[in-house]
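Notes follow once the structure below has been shown.
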Amino acid sequence: MARNMGRELFAMRALRLLFNKEDIPKDLLLLLIISGVYFLGIALSNTFVNIFLWKHTNSFKDIAIYNLYSYRWLISLFLCFHPLV
């Protein structure tokens, strides 16, 4: 249990340095952890989809098309909200 507290304290110190604030809410830390785990899951699932496509088609073209369609929303959101950040 003390080990988890050390990790939490390290994460809070890193967030304080990143945001340059003294008081970082624990909800922010929870949100960042959940988002990180979510995106890690997406990355792992896309890896297995790419392997599945390769085994069935043996074509990089199909994998590239899948990835372009898969990440088009990410690129479009970045382009829409980049000036706001």
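The values are calculated or read from the model by the stated rules, or taken from the named source; none is laboratory data. Just so it is clear, the model here is predicted, and its values are computed rather than measured. Because the Cβ atoms are built from the backbone with ideal geometry, glycine has one as well, and the counts that use them run over all protein chains shown.
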Restricting the first residue to segment 18-47 and requiring it to be more than 29 Å from residue 66 (Cα to Cα), which pairs with a second residue that is aromatic (Phe, Trp, Tyr) and surrounded by 10 or more Cβ atoms within 10 Å (Cβ to Cβ) meet a Cβ separation below 9 Å and a spacing of at least six or different chains? 28/19
Within segment 27-49, is there a residue that is closer than 30 Å to residue 12 by Cβ, at pLDDT below 90 and not in a helix (DSSP H, G or I)? no
